[in-house]
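K.L.:
First, the structure itself, so that you have it in front of you.
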Amino acid sequence: MRFIHLADVHLGAVPDRGCPWSDKRENEIWETFRRVIAGIRENPVDLLFIAGDLFHRQPLPYELKEVNELFSGIPETRVYLMAGERDYLKENSFYRTFTWAPNVTFFPEEKVTCVKDTQFEVYVYGMSYEHSQIRQPLYDGVRPVKNNGVHILIAHGGDESHCPLNTAALAGAGFDYIALGHFHTPQNVIRDVAAYSGALEPIESNDLGAHGYIEGRIENGKVKTRFVPFSIRTYSQLLLNVNEESTQLSIEEALKDEIFKKGGLNIYRVILQGKRKPELFLIPEKLKSFGNITEVLDETRPAYDLEELQKKYAGTLIGDYICFFMEKNRNTVEDKALYYGLQALLETRHSS
């Protein structure tokens, strides 16, 4: 028996709103979900688990209809679906009145229930959020029924505001597999037993690394899983080292080279590090024009010889300023204050 476990698709989301590529991202999220279904159509799986937040917000009727048409196109695959905190069941939610295709099971209430799939002797347990926050650990007391077969729990949450999870309780519950959603980073909680599939496509700039879904096989009562990278884009951090030989142009060329190596479709946060010539005036914002760049952080420092400057300007405001910081065990903020303030003082002195 084969299954696919995915979660946090966030249909309707517009990541990086205001950036030149944001409109494309909204369409790409839909397209990646369609590609998953197309892949199942070509290479069928028996079960598809969607562990919450299929939609980024309350789904509209035409969106539910489109998703349902996709599901109806894979009639041999049993689909199990729950609402998460983003698309939770409001009182007037269109989820409540929607009629799904025969191969789809939607969990319609905020109470864990069990559905038996007689074709595969599989018991699937799940519920939907009826509130945007659930502070009670609703999954911790759930146990499989005492019947032979495969027992699978679909669960969404894991932080204090969204169904807190006790890992030890999950490990001892007795489920053959626990398909988790809510956290956007793929992660194994218990190898081959409980895992977050992560967001299908990265939604926020902190959703770093590969994204996709989990594919599983159940043979002789044992589950084996693997993560399948599937997203069109990834978010990455690019670290660019700056030295005293660096110029604005050389930094721009280095950035273009790195983006070419890592992929022009991907989205980057650029961090400049190292020591630069004190007189080099960087224009970090200009770097955004060389790719899909959400942010440029300038963490460089001017390459001052503090001890030499302290001696040179002893008895002056500059010397006292350096001495004040040199005597401290500086944190990152104080370190920046030292260099920014020193640069301003030196420039003021030179201009006068």
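K.L.:
Of the residues Y125, Y129, Y88, which single one is crowded, with 20+ Cβ neighbours inside 10 Å, in a strand (DSSP E or B) and modelled with pLDDT of 95 or more?
P.N.:
Working: Y129 fails: in a strand (DSSP E or B); Y88 fails: in a strand (DSSP E or B).
Only one candidate passes the filter, namely Y125.
K.L.:
Among the residues of the range 301-333, which ones are touching a helix residue (DSSP H, G or I) at 6+ places or on another chain (Cβ under 9 Å) and part of a loop (DSSP other than H, G, I, E, B)?
P.N.:
Y304, Y313, A314, T316, K328, R330
K.L.:
Among (1) touching a strand residue (DSSP E or B) at 6+ places or on another chain (Cβ under 7 Å); (2) closer than 22 Å to K24 by Cα, where does L272 come up short?
P.N.:
(2)
K.L.:
Check L317 against each of (1) among the aliphatic types (A, V, I, L, M); (2) modelled with pLDDT under 80; (3) loosely packed, with under 12 Cβ neighbours inside 10 Å and name the one condition it does not meet.
P.N.:
Every listed condition holds for L317 apart from (2).
K.L.:
Additional query: Can you tell me which residues in the range 80-139 are within 24 Å of E66 (Cβ to Cβ) and among the aromatic types (F, W, Y)?
P.N.:
Once the filter is applied, which keeps residues that are within 24 Å of E66 (Cβ to Cβ) and among the aromatic types (F, W, Y), the range 80-139 yields Y80, Y88, F94, Y95, F98, W100, F106, F107, Y129.
K.L.:
While we're here: Of the residues E215, E252, E219, E245, only one is of a type in the set (D, E) and under 22 Å from L265 (Cα atoms); which? Explain how you work it out, then say what you get.
P.N.:
Details: E215 fails: under 22 Å from L265 (Cα atoms); E219 fails: under 22 Å from L265 (Cα atoms); E245 fails: under 22 Å from L265 (Cα atoms).
None of the other options fit; the residue is E252.
K.L.:
Which count do you get for residues in the range 256-277 that are buried (at least 16 other Cβ atoms within 10 Å of the Cβ) and more than 20 Å from N206 (Cα to Cα)?
P.N.:
Number of matching residues: 2.
K.L.:
Checking E110 against (1) acidic (D, E); (2) in contact with a strand residue (DSSP E or B) (Cβ under 6 Å, 6 or more places away or on another chain); (3) at pLDDT 95 or above, only one condition comes out false. Which one?
P.N.:
(2) is the only condition that E110 fails.
K.L.:
Still on this structure: For L208, indicate whether it is farther than 30 Å from V270 by Cα, at pLDDT below 95 and surrounded by 14 or more Cβ atoms within 10 Å (Cβ to Cβ). Give the derivation first.
P.N.:
On the way: farther than 30 Å from V270 by Cα: no; at pLDDT below 95: yes; surrounded by 14 or more Cβ atoms within 10 Å (Cβ to Cβ): yes.
Spelling it out, it is not the case that L208 is farther than 30 Å from V270 by Cα, at pLDDT below 95 and surrounded by 14 or more Cβ atoms within 10 Å (Cβ to Cβ).
The values are calculated or read from the model by the stated rules, or taken from the named source; none is laboratory data. Predicted model, so just to flag it, every value in this text is computed and none were measured. Reconstructed Cβ throughout: ideal geometry from the backbone, glycine too, with neighbour counts over all protein chains shown.
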